[in-house]
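The values are calculated or read from the model by the stated rules, or taken from the named source; none is laboratory data. Values in this document were obtained by computation on a predicted structure and should not be read as measured data. Note: ideal-geometry Cβ built from the backbone for every residue, glycine included; neighbour counts use all protein chains shown.
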Amino acid sequence: MMFTSRFTILALLAFLVGANAACATCQETLDVDGVTYELVTSAWKMNNGNVVCNYLNKKGDEVTCEYTESGVFRDGNSSCPQSSRKEDFGC
């Protein structure tokens with residue numbers, strides 16, 4: 001009986017932690033000085049969990065943005081947003 005209640009509480013806590021977790025994801029488009037850049041690739045880096053987003057405009061100019069798992073801008077072009085959107089699924 002004691003084991004079952006402890007297990008139930010632990011399972012509930014694990015679920016609540018997982019339910020509040022969210023991952024950084026790339027925006028579909030970026031607007032930079034009135035020019036639209038479309039997302040062409042996004043990748044998750046295995047060594048640090050960061051997300052890298054690569055965008056192109058119609059002229060072929062590229063913008064690359066890297067975000068931490070929590071969605072904070074880490075590296076890339078100065079035109080990148082300082083935070084990414086976050087999704088609760090697909091992490």
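Taking ALA22 and the conditions (1) at pLDDT below 90; (2) exposed (fewer than 15 other Cβ atoms within 10 Å of the Cβ), which numbered condition does it fall short on, given that it satisfies the others?
(2)
Filter the range 39-58 down to residues that are polar (S, T, N, Q), more than 13 Å from GLY76 (Cβ to Cβ) and either surrounded by fewer than 11 Cβ atoms within 10 Å (Cβ to Cβ) or touching a Lys or Arg at 6+ places or on another chain (Cβ under 9 Å) (or both), then give me how many there are.
Final tally of qualifying residues: 2.
Mind checking which residues of the range 77-91 are surrounded by 13 or more Cβ atoms within 10 Å (Cβ to Cβ) and either outside any strand (DSSP E or B) or modelled with pLDDT of 95 or more (or both)?
Result: ASN77, SER79, CYS80, PRO81, SER84, CYS91.
Filter the range 53-71 for residues that are within 15 Å of VAL35 (Cβ to Cβ) and outside any strand (DSSP E or B) and give the result.
ASN57, LYS58, LYS59, GLY60, ASP61, listed by residue number.
Listed here are the residues, each with its yes/no results for (1) in contact (Cβ under 8 Å) with a residue 40 or more places away in the chain; (2) closer than 16 Å to THR25 by Cβ.
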position: ALA43; (1), (2): no, yes
position: GLY49; (1), (2): no, yes
position: VAL52; (1), (2): no, yes
position: LYS59; (1), (2): no, no
position: TYR67; (1), (2): yes, yes
position: GLY71; (1), (2): yes, yes
position: ASN77; (1), (2): no, no
position: ARG85; (1), (2): yes, yes
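Kindly list the number of the only condition in (1) loosely packed, with under 11 Cβ neighbours inside 10 Å; (2) modelled with pLDDT of 95 or more that fails for THR36.
THR36 satisfies every listed condition except (1).
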